[in-house]
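The values are calculated or read from the model by the stated rules, or taken from the named source; none is laboratory data. Only a predicted model underlies this, so the values are computations on that prediction, with no experimental measurement involved. All Cβ positions, even for glycine, are placed from backbone atoms using ideal geometry, and neighbour counts span all protein chains on display. The area values use the complete protein model at the heavy-atom level, side chains included, leaving out ligands, DNA and RNA. Shrake-Rupley method; radii C 1.70, N 1.55, O 1.52, S 1.80 Å.
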Amino acid sequence: MTTPNDLPIREPDEVRQDCARKLMTVQISEHFQAILGCLLEESWTTPRLIEMVINSDGQLLGRCEGDPTFRVFLGSSKDLILNIHGVAPVAELDGDEVGYLVAKVAEIKRQR
């Protein structure tokens, strides 16, 4: 029997890659796929969403490849967190992978 202490510690890039691999098998909207691709530094959509910001109202805005500004309204940051937790069991994400995605959203919030 293995215990949590017996599990190997994964590097952040390993967590990111495992998370991306699992999420690619789940059918989600192209909109959500673009957001997750941006969080995971993957090129899953065209145009590619390359950067996101969260404004003072908690709204998520995106900048696509080739755009100079954040023109794309993506929804609320609260909904994004809910959607991450909603897709997690479907994609069979583990705690590290969910934590990685939530931490990426937190990084975006700190950039305000």
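Amide H of Gly75: which non-local residues (sequence gap of 5 or more, or other chain) have their own amide H closer than 5 Å, using H built in the peptide plane?
Leu60
Could you identify which residue out of Gly62, Gly95, Gly75 has the top mean-square fluctuation in a GNM of the chain using Cα springs shorter than 10 Å?
Ranking Gly62, Gly95, Gly75 by mean-square fluctuation puts Gly95 first.
At 222 nm, what value in deg cm²/dmol follows for the chain if DSSP H runs of at least 4 each add -39500 (n - 2.57) and the sum is divided by all its residues, to the nearest 500?
-15000 deg cm²/dmol
Filter the trypsin sites (Lys or Arg not before Pro) in the stretch 6-96 down to the DSSP loop ones having no more than 12 other Cβ atoms within 10 Å, then list what survives. Mind dumping the intermediate values first?
Working: sites: Arg10, Arg16, Arg21, Lys22, Arg48, Arg63, Arg71, Lys78; in loops: Arg10, Arg48, Arg71.
Those satisfying the criteria are Arg71.
Taking only protein heavy atoms and a 1.4 Å probe, what accessible area per residue, in Å², does the chain have with all protein chains in place? Each step should come with its number before you reach the end.
Details: 7000 Å² over 112 residues.
It amounts to 62 Å² per residue over the chain.
Just to be sure I understand, if you calculate Cα Rg over 2.2 N^0.38 Å for this structure, which of [x] 1.11; [y] 0.95; [z] 1.16 do you get?
Label of the calculated value: [x].
Expressed as a whole percentage, what fraction of the accessible surface of the chain belongs to carbon and sulfur atoms when a 1.4 Å probe is rolled over the protein heavy atoms?
Answer for the chain: carbon and sulfur cover 51 percent of the accessible area.
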